[in-house]
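Trainee: Before anything else, here's the structure in question.
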Amino acid sequence: MSRALRTSAALTAVLASTLVAGNAGSANASIVAPPDKIVIEVATVNGSGCKPGTAAVAVSPDNTAFTVTYSDYLAQVGGGASPTDFRKNCQLNLIVHVPQGFTYAVASADYRGYASLQRGATAVQKASYYFQGSPDTAARNHPYSGPYDDNWQATDETEWGQLVWAPCGVKRNFNINTELRVKAGTSGPSKTSFMTMDSTDGEINTIYRLAWKECPA
């Protein structure tokens with residue numbers, strides 16, 4: 001893991017005294033936030049879409065979200081692209097240090113990037129989330145079809161009652177698996193289609209919003 005990645009992963013902030021949980025479909029749900037800071041560390045980063053030094057994690061000032069920044073996440077087909085370039089993926093294994101007496105869940109996630117798809121080509125963005133050792137996995141996918149030449153944005157939202165919470169009193173790493181996949185379809189092998197989860201300046205952030213609740217006494 002690069003020095004830059006370790007530095008970004010260690011960013012922390014003091015949590016505000018009270019927050020409204022950022023969940024979908026439960027606007028009235030509010031909690032008392034943890035009084036201490038949280039720290040998110042990157043245990044491992046694996047995948048063709050996040051080679052060493054190309055992904056970084058940072059925590060928001062109010063601890064209601066964290067971001068993952070990618071700088072080299074590109075899937076493409078046609079135009080001389082490698083046969084393996086049609087699919088890129090990234091698995092982040094995160095260590096989340098949670099203040100005692102609290103647990104968290106990912107309430108929503110925003111993904112952004114750019115896609116250029118020829119007529120007849122297709123692409124899909126996929127993501128799944130799970131805690132180490134837990135059978136509960138939240139998975140989402142977002143398809144796109146050519147012709148398409150524009151920025152794209154996808155949001156995964158989970159109802160409060162369906163949130164997958166970190167086990168109370170047990171340290172479990174949090175895993176995020178993402179994937180970009182592009183198919184040429186009927187567009188022809190000489191025409192290039194691609195999908196990225198980055199930008200020209202390498203500063204596209206994937207934002208994960210956290211919901212918090214107190215553990216049972």
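The values are calculated or read from the model by the stated rules, or taken from the named source; none is laboratory data. From a predicted model like this one, the values you see are computed outputs, not experimental measurements. Heads up, the Cβs are rebuilt from the backbone with ideal geometry, glycines too, and the neighbour counts pull from every protein chain shown. Calculation scope for accessible area: heavy atoms of the full protein, side chains included, ligands and nucleic acids excluded. Shrake-Rupley method; radii C 1.70, N 1.55, O 1.52, S 1.80 Å.
Trainee: Of the residues in the range 147-176, how many are outside any strand (DSSP E or B) and under 20 Å from residue 212 (Cβ atoms)? Outline the logic, then answer.
Mentor: In the first step, residues of the range 147-176 are kept if they are outside any strand (DSSP E or B); the result is 147, 158, 160-173.
When the remaining residues are screened for being under 20 Å from residue 212 (Cβ atoms), the result is 158, 160-173.
Of the residues in that region, 15 qualify.
Trainee: Residue check: is residue 148 of a type in the set (Ser, Thr, Tyr) and either open to solvent by 50 Å² or more (accessible area, probe 1.4 Å) or in contact with a Leu (Cβ under 6 Å, 6 or more places away or on another chain) (or both)? Don't jump to the end; show me each part of the working.
Mentor: Numbers: of a type in the set (Ser, Thr, Tyr): yes; either open to solvent by 50 Å² or more (accessible area, probe 1.4 Å) or in contact with a Leu (Cβ under 6 Å, 6 or more places away or on another chain) (or both): yes.
So residue 148 passes the test.
Trainee: Regarding residue 191, is this residue assigned to a strand (DSSP E or B) and basic (Lys, Arg)?
Mentor: Details: assigned to a strand (DSSP E or B): no; basic (Lys, Arg): yes.
So residue 191 does not fit the description; no.
Trainee: Filter the range 44-93 down to residues that are open to solvent by 40 Å² or more (accessible area, probe 1.4 Å), hydrophobic (A, V, I, L, M, F, W, C) and either touching a Ser or Thr at 6+ places or on another chain (Cβ under 6 Å) or more than 18 Å from residue 192 (Cα to Cα) (or both), then give me how many there are.
Mentor: 1
Matching residues to (1) of a type in the set (Lys, Arg); (2) at pLDDT 85 or above; (3) open to solvent by 40 Å² or more (accessible area, probe 1.4 Å):
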residue: 127; (1), (2), (3): no, yes, no
residue: 141; (1), (2), (3): no, yes, yes
residue: 156; (1), (2), (3): no, yes, no
residue: 180; (1), (2), (3): no, yes, no
residue: 183; (1), (2), (3): yes, yes, yes
residue: 187; (1), (2), (3): no, yes, no
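Trainee: With the checklist (1) under 19 Å from residue 215 (Cα atoms); (2) part of a strand (DSSP E or B) in hand, flag the one item residue 144 doesn't pass.
Mentor: (1)
Trainee: Modelled with pLDDT of 85 or more and open to solvent by 10 Å² or more (accessible area, probe 1.4 Å), is that true of residue 172? Spell out the reasoning first.
Mentor: Numbers: modelled with pLDDT of 85 or more: no; open to solvent by 10 Å² or more (accessible area, probe 1.4 Å): yes.
In short, no.
Trainee: Separate question: Do we find that residue 193 is surrounded by 18 or more Cβ atoms within 10 Å (Cβ to Cβ), of a type in the set (Ser, Thr, Tyr) and either touching a residue at least 40 places away in the same chain (Cβ under 8 Å) or closer than 15 Å to residue 105 by Cα (or both) in this structure?
Mentor: The answer is yes for residue 193.
Trainee: Quick one: is residue 120 part of a loop (DSSP other than H, G, I, E, B), at positive phi and open to solvent by 60 Å² or more (accessible area, probe 1.4 Å)? Can you show your working first?
Mentor: Numbers: part of a loop (DSSP other than H, G, I, E, B): yes; at positive phi: yes; open to solvent by 60 Å² or more (accessible area, probe 1.4 Å): no.
No.
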